[in-house]
Amino acid sequence: MRLCENMRGRGWQGGTGPVRGAVGVMLLGLSLAQSVPPPTACAAAAAPQSLTQPLYKDTAERDTSFMAALVQSFLHKVQPNPFPTDVILKIVQGVPSNQEIIKEFLVYEVGFLVCAAIGILYIVLMLIIGFFLACCRCCGNCGGKMYQKQSSSIHCRRRTLYWSTFVTTIIILAGNVCMFKSNEAIKVSVDQSPVELSNTINNIHTFLTAVPQQVDYVVTESYKTVAKVTNNLYAIGLHLGTQIQEHFKGTLDRPLRSVKLLDQEAMNTSDQLSKLNSSLAQLQSSMNRVQANITAVRNHINQTLSKQTCIDCNNLSTELQKVTLDTTITTPSLNEFQSAVDEVVKTNLQSKINEVADYLHSIPQRVTNDTKDVVEMSIQLLGDIEKQIAQVSSDLPLSTLTNVSGTLKDIQKEIDRVLPQVEIAEGIRWGVCVSLCCVVLLVVVCNLLGLVLGPLGLKPNANPSTRSCTADCGGTFLMIGAGFSFLFSWLFMIVVLLLFLLGGNVYTLLCQPWNNGQLLKFIDTPGLIPGLEIGPTLGLKTNINISDIYRDCDKDKPVWTALHLYELVDLGDLLNVSKYTKEIEQNFEDTDITLSSVTLLSADVKKQLGNIAAKATNFDSAATTQQINDISSISLNTTADKIDQLATLQTNSDIRRELQNGARDLRLIQADIETTIIPQLEDVNSTINSLQSTAEKINGTVGEVLSDVGAAQEFLNTNTTQIIKTESRKFLDCQLDYFVAYAVWANLTITQQVGRCGPVASAVDSAEVTLCAHIVESLNAFWFSLGWCMIFFIPSIIFSIKLAKYYRKMKYTDNVYDNNIIMNHIPRAQMK
C-alpha cells in the first residue's frame, strides 16, 4: 500500500507555494494571537515566540535652558544665513585658501564680525574712559567739580537719577542671577555628561551585542524545529500508528463489547446448565430412594391385605396400586441447548477478543517497523536543513557590528581615562565663572548700598558741603560701583566676546543643523569623510546615507530595512527548504505500511452462534415444569388415612397393627417428600426459569454480535487502506507545516524584529541633547547674561556718577536758601 499516494501535486519547488504559504501565515497569526489551534493531529505546528527586545538605559531628555529661546532668537538675528555647506566642504576637503573662500566665510560670519567689532569698541572705549576717570580721581575731581548748583528742579533731577540707577541696577542683578543659574547649569550638565555618555555607549553596545544574539535565536529556533520533527519521526509509531489505531478502535469497540457480553452470557448459561444438571441428578437420586421406600411399604401392605382374616381389604388393594412416584424427568430441549452452549464455550470467544486487542496494540510497532528506512533518510535530510538555515548567521555582516562594539569599548576606556582631567578643568571653569558672577554682584551691591545709604542720610535743606557721613558713604559706594564697572567691564567683555564667538558658532554650525537634520545630510556628502561609505563596506550594491539610516532608526525599524540587508542576503532562498522537504515527501510516498487483515469471527464461530441462538429460541421448559408440578401434587397421607380407617375395622390385632404400621410408614415417606423432594423441585424449577430468561437474552445478544461484527468486518475490509493513506498524509503535512510556520516566522522576525535600531537614533539624539541642549545652551546663556550685564554697566556708570553728587559732600556751596530751594550765585572767582 502506498503511504502518500497522489501527493506529488503539492508543489514546493521554488518556494513554499501559495497554498502552503497561506497556511503558514494563518498558523503564524493563530500562534501570535494565542487562539485555539486548528483541529489537526499536528498540535505544535505553530511559530515560536516573538523576540524579546533588550532593555536599554534611560538617556538624556531634552530640557531646554531657561534662556534658550531668548539666546537662540538673538543668534538667529546675528546669523540668519543658512548652513554653509559649500564653504565647509571646501575647507574640509583641503582646498587651497583663496580670496573667494575667505570672502564667502566672512559673508557668512558677518553678523558675528559686527558683534565682535561692537565688543572690541566697547573694550577700547571702556579702557579710554576708565583711564580718564582714573586721572580725574587722582586730581580729586572724580565725578566733576565738587560743586552742586542749587535750583528749583534739583529734587526732581535727583529722583529721576535715583530711579534710573535703581532700575539699571535691578536689570544688572537679573542678568547676574542668570549668570549664577547658567553657570550652575553648565556644571550640572558637565557632571552628568559622563553618565549620559556612558549610558549612550552602553545602549549602542547592548544593541550591537543583541543583534547577533537575536539572529542566533532565530537560527536556534530552526534547530528546535528540526529536533521536533526528528523526534516525531523517531516516534512515528506513537504519532501515526496511534492515529490509525484510534480509527480502528472506534470501529471495533462496539463489536468487541458485544462479543465480550456474549462470552459472559455463554459462560453464565453454562454455569446455570451445570447447576441444573447437578440439581436434577440429586433430585433423581432422592426420588429413586423415595420410590424404593414406597414400593417396600406398598408390598408389605399388600401382603397384609391379602390375608383371609383381613376384613374389607379387597377395596383398598385397588387404591394402593395407585401409590407410586414417577422418577423419570425428561428434558429434550434442554439437552439440545446444553450442546449448543458447550460448542460456543469451546470456541473460546475471549481468545478472539484478545486476538483483536493484540492486533490493535501492534499497529504502532508495525508502523515503526515499516517506516524505519524512510525515517533514517529523512533525518539525514533534516541535518542538511540545519546547515542551510545556519548560513543566515554567516551571510549577515555581523562581524562589522562586533568590530564597532570593540571600538565603543575603546572609546569608553578613553573617556574613563580623561574623566579626571575633565573634572579638574570643570572645577577651574566653575571657580572662574563664579568669580565673574561675584564681581558683577559686587557692582550691584555697591549700587544698592549707595541707593540705600544716600537717601537715608540726605537732608534736603542741608548745605551740600555739610551733608552727613551716611549720605556721603552712599555717594562713595555709587562711585565705587562705577569704578569697578570701569575696571572689570572691558575684561569681562573680552570673556563675553570669546564665549560668544565660540558658543554662537557652535550653535549655528553644529547644534542648529544637528537638530534640524542638515548636519546629517552634510555628512552624507560623498567624499566628505573618507571610508564612510557604508554600502560598499557592507558589500551592498548601493550606498546608504547616514541620514537615511537615522531616519529609519528614528522610526525604530530593524537593521534589515535600515541597512538594506536584503541586497546582501537572499533570505527567501536561505529559508526555502523545499528541495529537502520534497525529497522527504517523495521518500514517504515510496514507503509501504502493511497491516495484515484481521478476521473478527470465523464462519464456524458464526455458525455456532447461529445454532445457539436457534436452540435458545427453541428452548422450552414447559414439559419439565409440568413433571415437577405432577411430582409436587403427590399426597401419601390420603392413602394412609384410608389404611387407618380400614385398620379400625379389623378384629385381628396383628392385621390391625400391620395396617397401622403401613399407614405410619406412608406418612413418614410423605414427610420425607415434603422435606427433601419438594425443596429440590423448587430449586430445579427456579434454575429452569432463570435459564429460560438467559436463553431469551442470548438470542438478542447473538443477533447484535453478528450485526456489529459484520459491520466492523466490512469497514475494515473496505477502509483500512484509505485510513492509512489519510493518516499518513496528515502526519506528513504536520511535519512539513513545522517548517512552513518556522520559515514564515523567521522571515517576519529577521525583517521586522531583529535589531530594531531605535537605540542608535536615541544615542544620536542623546549626544545632541547632552552637548547642545545642556552644555552649549547653558554656555550661551552665561555669556548672554554676562554681556547683558556689561551693556547695562554703561547706563549704570552714568547714572551712578551723576547721582553720587547728590549724596557726596561738596567743597563749594551757594550762600542763600529759601524753603529748601537754593537761591545762590557763587562768584566765578571763588570757583577757580
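The values are calculated or read from the model by the stated rules, or taken from the named source; none is laboratory data. This one's a predicted model, so the numbers in the text were calculated from it and none came from an experiment. With ideal geometry, Cβ positions are generated from the backbone for all residues, glycine too; neighbour counts draw on all protein chains shown. Just the protein is used for accessible areas: all its heavy atoms, side chains included, with ligands, DNA and RNA removed. Shrake-Rupley method; radii C 1.70, N 1.55, O 1.52, S 1.80 Å.
Once the chain from C438 to D641 is taken as fully extended at 0.36 nm per residue, the excess over their C-alpha distance is 57.4 nm.
The residues Y742, Y566, sorted by heavy-atom accessible surface at 1.4 Å with ligands and nucleic acids left out, run Y566, Y742 from largest to smallest.
State the percentage of accessible surface on segment 395-440 attributable to carbon and sulfur atoms; use a 1.4 Å probe and exclude ligands, DNA and RNA.
Values: 1870 of 2740 Å².
Answer for segment 395-440 is 68 percent, counting heavy atoms of protein chains only.
On a per residue basis, segment 753-806 carries 27 Å² of accessible surface, using protein heavy atoms and a 1.4 Å probe. Full extension of the chain segment joining D312 with L125 gains 48.4 nm, where the gain is 0.36 nm per residue of separation less the Cα-Cα distance.
Computed from the Cβ-Cβ distance with R0 of 56 Å, the FRET efficiency linking Q99 to Q421 stands at 0.85.
Within the assembled protein chains, the solvent-accessible surface assigned to M267 is about 80 Å², based on a 1.4 Å probe. Between K275 and T525, the modelled labels are 11.4 nm apart [label points 7 Å from Cα along Cα→Cβ].
Could you state the number of Å between the C-alpha centres of segment 183-202 and segment 727-802? The distance from the Cα centre of segment 727-802 to that of segment 183-202 comes to 16 Å. Rolling a 1.4 Å probe over the protein chains gives S164 an accessible area of about 30 Å². What segment 160-231 shows is 41 Å² of accessible area per residue, with the surface traced by a 1.4 Å probe over protein heavy atoms.
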